[in-house]
Amino acid sequence: MKSTVSTISSKGQITIPAEVRRHLGVGASDKISVVITDEGRVELRPVRYTLEDVIGSIAPVPNESLDLEREIDVAMEEQAIRRARRLHYP
């Protein structure tokens, strides 16, 4: 097990050593989670966002539907109608 020492600033901040940042795969402006385990250990973990985490975090495009599933269904129905018309009226 490796250990490094960091000093706590007067504002309660520490610098995370470069080796630890590389190990976590984080850099400037990335988020980390500080976890206190049930055993009392303190762990640093990179925060990774999933698509579910960010859905709704961006404003919708004006005049666009928010119901993507319905939009897909409508588009599939329209495509089926176009194909049917081509078969009947070449």
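We did not get these values from a lab; they are worked out from the coordinates using the rules stated. Note that the structure is a prediction, hence the values are computed from the model and not measured.
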Checklist entry - By how many nm would the segment from Gln13 to Glu43 lengthen if fully extended, with 0.36 nm per residue of separation less the alpha-carbon distance? => result 9.2 nm
Next on the checklist: Just to check I understand the Karplus step: with θ = phi - 60° and J = 6.51 cos²θ - 1.76 cosθ + 1.60, what whole-Hz values come out for the range 43-49, glycine and proline as x?
Outcome noted: 10, 9, 10, x, 8, 10, 9
Item to check | Amide H partners (placed H, <5 Å) of Ile32, local residues excluded | outcome: Val47
Next on the checklist: Run the numbers for Val5 and Asp53: contour at 0.36 nm per residue of separation, minus the present Cα-Cα distance, in nm.
Outcome noted: 13.9 nm
Checklist entry - Based on the Kirkwood radius over alpha-carbon pairs, what is the Stokes-Einstein translational diffusion coefficient of the chain at 4 °C with 1.567 mPa s viscosity, in µm²/s? => result 69 µm²/s
